[in-house]
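Notes to accompany the following structure.
We did not get these values from a lab; they are worked out from the coordinates using the rules stated. Quick caveat, the model's predicted, so the values are computed rather than measured. Every residue, glycine among them, receives a Cβ derived from its backbone with ideal geometry; neighbour counts consider all protein chains shown.
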Amino acid sequence: MKKKLFIGLFVLLFGVSGKAQSVVNVTSVVGFPVSVILDSAYSFSAIVTYVSGSGSTIFAENLRLKYQTDKMVEEGLTPGIFGPSQDILFELNVPEEIEVNNFTFDPVNFRQGGNIVVIWPSFADGISDDSLQVELQGIDADSTNSVMELDELNLQTVWFKEKINWQAFEKLGISEGYVLSAEGKLIFTLSSGIDFDKAKIQSGIYYFIFNQGDGKLLVFKEHLR
């Protein structure tokens, strides 16, 4: 229901132009994070394709990659931009990879927990008749309410000595999660029945994130030595 409501709000706010212009769409993203530590920077790419035009197979334009989250719509915030604008020479139906480097996921626009993110291209002389929707989990590493230090927990209840005790998590309805480095880089995807040996990764601080559903996260912070 939340997704349908957000899509409806997005259409009402931004609509789709009917002018006979060149049409460029975002068709996918590469390396877009599944989870981020809020106020941290990440790099990824968007695949953008020139799909139709006024009889031309070439389209040159200064493109900005815009985004809007459900949090931004709910709070009446204007769309954001993923990085600076870029001059692109498009060929009809030939995908172009638009790099987004060191973008900071600001907690003003992205919430702790689940985010729905809509991405679309914006430029002066063309339109996008489609957008891409992705989901993102935000983690507030500074919030004592959202991150628990692992050594403060009963380790026998939640963990085996080196491996995850999935039986404990499945009782909470949890069957998957992620391991992030202190910088927010995805290290490992966790799944029920698949062993994760903590002894096999380098020493450092890691976040173990488990999705409880409805945008709720269970986050553990551990310093592995």
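Starting from the Cα of V30, step 7 Å toward the Cβ, then list every residue of segment 92-115 with an amide N under 15 Å from that point. From segment 92-115, the list is 94-101. Each of D39 and Q133 was given a label point 7 Å from its Cα along the Cα-to-Cβ line. The distance between the two points is 3.1 nm.
Once the Cβ-Cβ distance of N102 and S192 is raised to the sixth power relative to R0 = 45 Å, the FRET efficiency obtained is 0.85. Amide H contacts of L63: Q86, D87, I88, each under 5 Å away and 5 or more positions distant or on a separate chain (H built 1.01 Å from N in the peptide plane; Pro and chain starts excluded). Proximity of backbone amide H atoms, modeled 1.01 Å from N, is registered between A141 and L38 at under 5 Å, excluding neighbours fewer than 5 places apart on the same chain.
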